[in-house]
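A quick write-up on the structure given underneath.
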Amino acid sequence: MVKISSYKKIISGVLLAAVMFVFSCMNMHLFTADNGYRFETAQFTALILLSAGTLLMYLLDFRGLPKWLYTAVCAVITAAVPFIIMQIAMFLSGDIEYSMSIYMVNLLLYTAPLLIMYTFTASFPVSATVAVILGLLFNMASYVLGNFRGTPFIPTDILAINTAANVASNYKFTFEWQPVSAILLAAFAIGAVWAFPLKIKFKKSRIFCRLAGAAAFIVLAVSFYAVDYMNVDIDVFDQTHATHTHGTAYNFFINARKMQIHKPGGYDESAVLADLDKLDENTDYKGKKPNIIVIMNESYSDLTVINDFDTNISYNKFFKSLDKNTIRGELLVSPFGGYTCNTEFEFLSGLSMGLLPSGVAPYLQYINKECPYFLPAYMNSLGYKTVALHPYYANGWNRETVYPLMGFDEFISIENMGDYQDENTFETVRSYYSDNTSYSAVIEQFERKGNKPLFMFNVTMQNHGGYTYSDSRLESVKITGMKGEYPNTENYLSLLKKSDDALEILIDYFKRCEEPTIVVFFGDHQPAIESEFYEELYDSPLEELSDEELLNRYKVPFFIWANYDIDSKTDVETSVNYLSGLVLDTAGLPRNKINLFLDDINSEIPRINASGHYDANGNWNDNDPDTSDTLRDYNYIEYFMMTHKPNDKDKP
């Protein structure tokens, strides 16, 4: 017979009920919206029942049930754990578009931790508890990242934990019904497996059960490993959509399997070396060597590339005013909402993310040796002083390791900026150093460079997400004439206005300089702001857009400006991997080997990013080296650059 086990549980149950009641009263916004419930009444009722069920399991003693019934209930609840984890994943991933077969694949992946733990503990309650907690944390991480930057949890995020920790305090997380539902469901599952602990008892049962758990896990692991996931058709262009069609766990697993660089068919390193030797990069060049200041501005974009919208004041007036001695246009980039380092990589290497496995970050996985063919090393060979500047922590995206390997003489970060300037003069916007502060450090390095020409690469920080926090010192930019209200977007546009003012100061400084100097300016990616803002610009839900329509979310503006006469150009359309070659041409400098190669293929592949490329006829295509000799050759070069161990002969 079921009975209340003790007065202590009664008191604990009442207290738990009181806490849940107070939480519900204080957080009704989680369950309601202007137009009624955020989700259907049935789902809301399910939450109440889950809460009540969890409370009852905590409060009551079920051991009075008939043994056969109690054992059967224990077995059913234990078997249901992977299904409950799957439901948690469905709560947190958003739209569900996958088939029953994909559902079962995800289910098996969530079963694996339970089997592993059971092999070691021979305890179903302990194993199930660990599996539920891991499943909750994994899917909660994907949910939070999706809200912060617009893309879910992928394997590279594990390697980028330092970067995430550095910026986490600047994001504001608000609990909505999805995480609340997931947490309550997890609590229900954990309570259920302890209220109904399945125990298998016979002679040597612990050894048998552990071996059975291990065998089941091995069969599962071998089955997954044996399948060719390189050809699984997931939406690498839109990882959020990929989680909707393949599930969070399966999408993560596919990305993990695809992270390894595979040797291209027909690759011959000696042949690639021979082709590179034919390219003369002329490091003995004795002509004019202008200073080159490269500004990669965090999250800088022009969102009217999607559709026009109005604001109360201009947020990029100075940027748009530059026309004399200016080359300006539009860059196709690979990331959206994050992964700044991949845009850096493409610019500094001349390589493309489109020929690397989806979801990777080369700074974290592949750059572990000297890179003599990259732009900083080449500028060094031309006699330039090469300096990288990032007004934030040096360990972000592994820059403190990567930059020296690329050939930078010096790396200035938040840790050592005070060695060159008075820290009392540094300005912060929200909790990041402003563009004004970043550019003042650029000017400081320019003035102390000595007789060498300067190549400087500055990655700013001011405009980094999240945009839930505003700064009262910013001139407020307001959107006018749109149906929705988008405070995050307005905060972002206000930051761009601040950037525009700082850019004017920087350009005015170099206008007055006698030394010939080029300033290169571009954004790394568009911001992760309200999805509803993008949808109103598109006049369509994001999931209904074609790949070509989504491409507008991967376009950012750029310019190359000089304080001396150059041929001005407008409406230049290119991609980040080609930008360094355009900079060298504008400066009148000889191209390095990779840019000489890129010059040969640019006409056939004028723009490329991680998702595909435009061909000479303006058609959008997948990046499949098997269908294009040009892409195949580019793939060979890229594989060589990522895997070749340099020797003295390779160094410029």
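Check residue 532 against each of (1) at pLDDT 95 or above; (2) open to solvent by 40 Å² or more (accessible area, probe 1.4 Å) and name the one condition it does not meet.
Among (1) at pLDDT 95 or above; (2) open to solvent by 40 Å² or more (accessible area, probe 1.4 Å), the lone unmet condition for residue 532 is (1).
Of all the residues that make up the range 292-351, how many are open to solvent by less than 30 Å² (accessible area, probe 1.4 Å) and within 26 Å of residue 486 (Cβ to Cβ)?
Number satisfying all stated conditions: 24.
Could you count how many residues in the range 168-178 are under 20 Å from residue 528 (Cα atoms) and either at pLDDT 80 or above or of a type outside the set (S, T, N, Q) (or both)?
6
Among (1) surrounded by fewer than 23 Cβ atoms within 10 Å (Cβ to Cβ); (2) assigned to a strand (DSSP E or B), there is one condition residue 386 misses while meeting the rest; what is its number?
In the conditions (1) surrounded by fewer than 23 Cβ atoms within 10 Å (Cβ to Cβ); (2) assigned to a strand (DSSP E or B), residue 386 misses (1) alone.
Restrict the check to the range 432-452 and report whether at least one residue is among the hydrophobic types (A, V, I, L, M, F, W, C), touching a Leu at 6+ places or on another chain (Cβ under 8 Å) and modelled with pLDDT under 90.
For the range 432-452, residues among the hydrophobic types (A, V, I, L, M, F, W, C), touching a Leu at 6+ places or on another chain (Cβ under 8 Å) and modelled with pLDDT under 90: absent.
Just to be sure, is residue 576 open to solvent by 20 Å² or more (accessible area, probe 1.4 Å) and among the aliphatic types (A, V, I, L, M)?
In short, no.
Can you pull out every residue in the range 544-567 that is out of contact with any Leu (no Cβ under 8 Å at 6 or more places or on another chain), at pLDDT below 95, surrounded by 15 or more Cβ atoms within 10 Å (Cβ to Cβ) and not aliphatic (A, V, I, L, M)?
Of everything in the range 544-567, those that are out of contact with any Leu (no Cβ under 8 Å at 6 or more places or on another chain), at pLDDT below 95, surrounded by 15 or more Cβ atoms within 10 Å (Cβ to Cβ) and not aliphatic (A, V, I, L, M) turn out to be 552, 553.
With the requirement that a residue be closer than 25 Å to residue 453 by Cα and out of contact with any Gly (no Cβ under 7 Å at 6 or more places or on another chain), what does the range 582-605 give you?
Residues satisfying the conditions are 582, 583, 584, 585, 586, 587, 589, 590, 592, 593, 596.
Please work out which residue is surrounded by the fewest Cβ atoms within 10 Å (Cβ to Cβ), limiting yourself to the range 434-481 and to residues that are hydrophobic (A, V, I, L, M, F, W, C) and more than 30 Å from residue 409 (Cα to Cα).
Checking each candidate, the answer is 474.
In the range 391-412, what count of residues is obtained for those that are assigned to a strand (DSSP E or B) and either free of Cβ contacts under 8 Å to residues at least 12 places away in the same chain or open to solvent by less than 20 Å² (accessible area, probe 1.4 Å) (or both)?
1
The values are calculated or read from the model by the stated rules, or taken from the named source; none is laboratory data. Computed from a predicted model, the values in this text were never measured in an experiment. Every residue, glycine among them, receives a Cβ derived from its backbone with ideal geometry; neighbour counts consider all protein chains shown. Please note that ligands, DNA and RNA were not included when accessible areas were found on the heavy atoms of the full protein model with its side chains. Shrake-Rupley method; radii C 1.70, N 1.55, O 1.52, S 1.80 Å.
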